[in-house]
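Presented below is the structure to which this report refers.
What follows is calculated from the coordinates using simple rules that are stated; it is not laboratory data. Note that the structure is predicted; figures quoted are calculated from it, not measured. Cβ: placed from backbone, ideal geometry, glycine included. Neighbour counts: every protein chain shown.
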Amino acid sequence: MQNIYKNCQSCGMPLKRDEKLGGTNADGSKSMMYCSRCYENGKFTLPDFTVEQMQALVKEKLKEMGFPGFIAGVFTKSIPKLERWKTA
């Protein structure tokens, strides 16, 4: 059984803000962990991305949405702690 997360465990976006309400697993079921922008059909949409690249992408998107740069920086600071980026 999957845990239910409030935020995508790849980019940090609140899952309730995802227009598709989550990505999809390989079997077509909804992912309770990742958003539709990060995860489709059981695979990451940007499989070769590093955590630093994800932080830069999210920061840029937040700025496009009108968030000040320092606020975008605060939001993206927690991305390395998300499940996708944790290393054993």
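Details
- When the residues of segment 69-88 are filtered to those that are in contact with a helix residue (DSSP H, G or I) (Cβ under 9 Å, 6 or more places away or on another chain) and assigned to a loop (DSSP other than H, G, I, E, B), the one that is surrounded by the most Cβ atoms within 10 Å (Cβ to Cβ) is Leu82.
- Flag for Leu46 being under 22 Å from Gly73 (Cα atoms), part of a loop (DSSP other than H, G, I, E, B) and either free of Cβ contacts under 8 Å to residues at least 40 places away in the same chain or under 12 Å from the mean Cα position of the chain (by Cα) (or both): yes
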